[in-house]
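Engineer: Okay, handing you the structure first.
The values are calculated or read from the model by the stated rules, or taken from the named source; none is laboratory data. Small disclaimer: the values here were computed from a predicted structure and weren't measured. The protein model used for the area step is the full one, side chains on, heavy atoms only, and it has no ligands, DNA or RNA in it. Shrake-Rupley method; radii C 1.70, N 1.55, O 1.52, S 1.80 Å.
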Amino acid sequence: MADKVLVGTIPLLYVQSITMTEGYRVERILGSRFSQATQPSTKTLTIEAVLLGPDRFATKKALEVLALTSRALLAAAGPALAATGIPVVCGLTLSLDMQITDLRFVQSVQKRDAFDLSMTLQHVPRSSLSTLVGEAADLAPALAAGSAAVPSVPAPAAVPRSPGPPLL
């Protein structure tokens, strides 16, 4: 299972997978035959989860309300959401300016007490400041993980193995 995910204020506890797709705008350099990727153009998150237990109905309804909420209602719902959109916090990314574009629930005979959830969110920048803050917040865990991967002490030397008497 993937990490727990927070979509707005709604926790998704049984996440099966998270997919992040990023697109980049490629433009030709004026007066040249070369092209260059100039900026990210799209960022999409797809979350597959299972909603379990008696709270599954409340979580389903909360996700539907969050998906249907317009920017004006979002502003009324919370001052932070008006400036940044829907925040998504997970192990893969921390994205501030997201909007739910697709929401699908499935109930089957095999899982009578659960709903399978498939949700797609797209990056919808509200302002350049929130975009910069979001990118900095997204980069911070990557830097921490990168610095943790660099060993601060040398690795222990290998001990040669030679056959000897059995240990009792």
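Engineer: Leaving ligands and nucleic acids out of the surface, order Arg112, Arg104, Arg33, Arg25 by accessible area at 1.4 Å, largest first.
Structural biologist: Arg33, Arg112, Arg104, Arg25
Engineer: For Val88, Val124, Val65, write out the residues from largest to smallest accessible area, computed with a 1.4 angstrom probe and no ligands counted.
Structural biologist: From most accessible down to least: Val65, Val124, Val88.
Engineer: If DNA, RNA and ligands are ignored and the probe is 1.4 Å, what is the ranking of Thr38, Thr120 by accessible area, most exposed first?
Structural biologist: The most accessible residue leads, giving Thr38, Thr120.
Engineer: Could you name the aspartates and glutamates in cross-link range of Lys4, using Cα to Cα under 12 Å and dropping any fewer than eight places away on the same chain?
Structural biologist: Once the sequence-local aspartates and glutamates are set aside, what remains near Lys4 is Glu48.
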